[in-house]
Amino acid sequence: MSEIKVNKISPRAACGTTTLGDSGDTFTIPAGVSITNNGTASGFGATGAVSWNTTVKTGDFTAVAGEGYFVNTTSGAINVTLPAGTAGAVVGIKDYAGTFDTNAVTLIQNGSDKIGGSTNNSIVSEEGIAVTLVFVDSTQGWLVTDSGLQSEAPGPTYISASGGTESTSGNFKIHKFTGPGTFTVSSLGNAAGGSDKVDYLVVAGGGEGGSNGGGGGGGGFRESYTASVSGPYTASPLANPTPLTVTATAFPITVGGGGSGPPGCASGRTGSNSVFSSITSAGGGGGGDADGGSPVGQRTGASGGSGGGGSAPFPPPGPASGGAGNTPPVSPPQGNAGGGGYHQGCVYQAGGGGGGATTVGATGGNSASPAPAGNGGNGATTSISGTPTGYAGGGNAGGCTPLRNPSPVGFGGGGYNEVGVINTGGGGGGNSNTGGSGIVIIRYRFQ
């Protein structure tokens, strides 16, 4: 293979033409080689294409054939004078700051050259547009061959919403409702961004503990978690992997109150439901009443998100069962049953603990004497709010026994003679203690 090294190739005659090779020959340009064109290129199949100049234009200028320009009209309208028309010449302009609709660009023809067959200047005034023009001939002059908007190549957009107490965790937004309110979605994301999905935590109010009897059941616990929707955090083991689809509208939020009533010989009151869109969590069941003056039907724990604990009434008949959990039924289950009561002769009576989100309430009593009252079932812990927090634990029971647990087992449930923790949906402790109010939390990607 021969090799020729020269610094310049010129035609023999002044203003002549130099030909490289013959028809059918192939010239290969190796990788890493750059070719710079300081003249006019033709016959390369590049007619209609431009080389974009990335120095942004902010004032009037004259375009050069073969170049495209990013034009910023933020400070005012700009005139662009087109070059002298030569067949195949090409010029491009692009709205740099999305301001052509406010301050337009005027394309001014050179001499008698036409634009689109007209001798009038052309005004480009559409926000975000890019335009490529090619000079064809003296009849039509400059013709638009390509145009497009930035919106045709959109970046990701996300849900925009308001309501409740708002906070952020990285690229994700959190709305916390501790009382009634409205979650208002003003706009949705596109497929490349946050789309139309949100994750949620909906916890109902906990049940009230029975009079000297069963613990209140934890409020119904319902959560969803999808990492692509609300980012990395530790969800509860009960989380549904399917997020909720929202629309651009206002969603009323209901936060259920804890079961509560006047003290005395009565079974515990059931907590109230919490609601977000199609997600409803049922209030926790009230605990059964141990006092003899109550009707027998009140001695059984009430059903609910989690069931209330049963009582151990005095005088007999014997101990009552705990209320059913996950009532009405949903999947994954929103709670568990309350524990049954215990009765040993006419001496020891021990109520059952209220059911919790993840475990049933403990049954009162055992083979030993005296019989301890049952502890509430465990609730569930999630970090959807940005902080690990326990919700929907059952309340500890009471009864005519010296062995009662005055301390809650966690997750918001009340210990004996203690109320459920507000905004956790914890069940109230035995001895007519109020259940904790519920909560609604919504989380999604916002940027």
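Rule-based calculations on the coordinates, nothing more; no lab input. All figures in this text were calculated on a predicted structure; none of them were measured in a lab. We place every Cβ from the backbone using ideal geometry, glycine too, and count neighbours over all the protein chains shown.
Summary table below
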{"item": "Stokes-Einstein D in µm²/s, Kirkwood radius over Cα pairs - the range 184-298 at 25 °C with 0.890 mPa s viscosity", "result": "153"}
{"item": "Anchor K176: lysines whose Cα lies under 22 Å away (excluding residues fewer than 8 positions away in-chain)", "result": "K197"}
{"item": "Calculated Rg and Dmax of the range 154-447 using C-alpha coordinates, Å", "result": "19.7, 76"}
{"item": "Model label zone, S75; criterion: amide N under 20 Å from point 7 Å along Cα-to-beta-carbon; scope the range 83-126", "result": "94-107"}
{"item": "Long-range tail of P(r) for the range 104-189 (Cα pairs > 19 Å, %)", "result": "61"}
{"item": "Local electrostatic count at G304 - Lys and Arg +1, Asp and Glu -1, tallied over other residues with Cβ under 15 Å", "result": "+1"}
{"item": "Two-site FRET efficiency, D60 against S331, from Cβ-Cβ distance with R₀ of 60 Å, rounded to 0.05", "result": "0.35"}
{"item": "Computed E for N190/S147 - FRET, C-beta separation, R0 30 angstrom, nearest 0.05", "result": "0.85"}
{"item": "Spin-label pair T139/E67, simplified geometry with 7 Å Cα→Cβ offset, distance in nm", "result": "3.2"}
{"item": "Gain on full stretching of the segment that runs from I4 to A49 - 0.36 nm per residue minus C-alpha separation", "result": "12.9 nm"}
{"item": "Gyration tensor (Cα) of the range 51-152, equivalent ellipsoid semi-axes in angstrom", "result": "21, 13, 13"}
{"item": "Backbone HN-Hα couplings from phi across the range 270-279 [Karplus 6.51/-1.76/1.60, Hz, Gly and Pro as x]", "result": "6, x, 9, 5, 10, 9, 9, 6, 8, 9"}
{"item": "Cα-based equivalent ellipsoid, the range 198-260: semi-axes from gyration tensor eigenvalues, Å", "result": "30, 16, 7"}
